[in-house]
């Protein structure tokens, strides 16, 4: 059985590949600002910047992955997003997405929740 770190690494790669297949360009991975971390920052053209929380679970036994994005995590996520926008002087639209991955035989079942919170 793979370790949780290995699972997270695989999930991150699957999430990035999913976004790229949808036409996004990954501009940052694991962006950190103070105590906040954004797993992926992706851009769609010059109009949209998407801040993505990747949540992976080996099973839904204790809940679905997306249910583990707490209000505290959302607040930290918004803080990091504001900082990143200032750093790169972003004036376009932004969105907060959750990519929920659950391990299944041979890979992951992925659900993409667009505009999951603000």
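Every read-out reported here was derived from the displayed coordinates using simple, explicitly stated rules and does not represent laboratory data. Predicted model only: the values in this text are computed from it and were never measured. No Cβ is skipped: glycine too gets one built from the backbone with ideal geometry, and neighbour counts run over all protein chains shown.
The fewest-to-most ranking of 74, 32 by surrounding Cβ atoms within 10 Å reads 32, 74. In this calculation the C-beta distance from residue 105 to residue 20 is compared with R0 = 30 Å, giving a FRET efficiency of 0.80.
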